[in-house]
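What follows is a short report on a single structure.
The values are calculated or read from the model by the stated rules, or taken from the named source; none is laboratory data. None of the values given here were measured: they were computed from a predicted structure. Positions of Cβ are generated from backbone atoms using ideal geometry, with glycine treated the same way; all protein chains shown enter the neighbour counts. Ligands, DNA and RNA are excluded from the accessible area calculation, which covers all protein heavy atoms including side chains. Shrake-Rupley method; radii C 1.70, N 1.55, O 1.52, S 1.80 Å.
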Amino acid sequence: MKKHLFWLIVGNLCCCCSTPATRQNQEFEAAFRRSLSHVATQTHDYEVIRFDSLTSFPWDSVYYFTEHEQSRSISIMIGFAWEGPSVPDGRKRLMFVWKQQVVSFFDFRTNGSSDPASDEAALPIHLWSCKPAARASWSRTEALFAVNRYCQEGTVEFEFVPLQCLGTPLRELLELHCPAATVAAEPGESATKY
């Protein structure tokens, strides 16, 4: 009886460790990476990625933070107190908000970051804002991006340009592409054939 009770308690503790937010983060990241696989083989033009089609949870705004963003400045940006961690060194963060609450966020490293202790795959992306000095945030209806694959400094990267910015100079980012010889390179891997 004690043995069964022990395993019942251990099983409940394990289930509690995987929070809904953690599962949401994992599901979003997997869907996000799948959406990039379509872009990974392009040599021209761009694909449209809709963040609302990649999420299974409610949200009304998404924010993009770069490394070293402190909790205090995150709070200012999202408009309410953020008690969570600052963005770690070498990472970027996507944070989803619903009715003044953070419902999901995940930190990821880009190809330019090196973290030998981590075996997570890099997510070589950059999200742009239409206004150069503005912080990057979008409502659910604005979170539609023209995404292209391009090569820079020997790596394959992805530029996310909001669709509402296509009439601005950011459109030029979508003109940059990788040569056809680099199509086999995975996101963040070396594209040494160009």
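Condition first: touching a residue at least 24 places away in the same chain (Cβ under 8 Å), open to solvent by 30 Å² or more (accessible area, probe 1.4 Å) and aliphatic (A, V, I, L, M). Now tell me which residues in the range 66-84 satisfy that. Across the range 66-84, the qualifying residue is only Met77.
So, of the residues in the range 13-40 that are of a type in the set (S, T, N, Q) and open to solvent by less than 90 Å² (accessible area, probe 1.4 Å), which turns out to be modelled with the highest pLDDT?
Step one: filter the range 13-40 for residues of a type in the set (S, T, N, Q), giving 18-19, 22, 24-26, 35, 37.
With the extra rule that they be open to solvent by less than 90 Å² (accessible area, probe 1.4 Å), the set shrinks to 18-19, 22, 24-25, 35, 37.
On the way: Ser18: 36, Thr19: 49, Thr22: 79, Gln24: 81, Asn25: 81, Ser35: 85, Ser37: 80.
So the residue we want is Ser35.
Within the range 35-65, the residues that satisfy the criterion of being of a type in the set (Ser, Thr, Tyr), in contact (Cβ under 8 Å) with a residue 12 or more places away in the chain and closer than 19 Å to Tyr150 by Cβ are Ser35, Thr41, Thr43, Tyr46, Tyr64. Residues in the range 46-65 that are open to solvent by 50 Å² or more (accessible area, probe 1.4 Å) and touching a Leu at 6+ places or on another chain (Cβ under 8 Å): Tyr46, Val48, Arg50. Across the range 92-138, the number of residues qualifying as farther than 30 Å from Gly167 by Cα, surrounded by fewer than 15 Cβ atoms within 10 Å (Cβ to Cβ) and at pLDDT 85 or above comes to 3. What is the number of the single condition among (1) over 12 Å from the mean Cα position of the chain (by Cα); (2) modelled with pLDDT of 85 or more; (3) more than 18 Å from His126 (Cβ to Cβ) that Leu5 does not meet? Going through (1) over 12 Å from the mean Cα position of the chain (by Cα); (2) modelled with pLDDT of 85 or more; (3) more than 18 Å from His126 (Cβ to Cβ) one by one, Leu5 breaks only (2).
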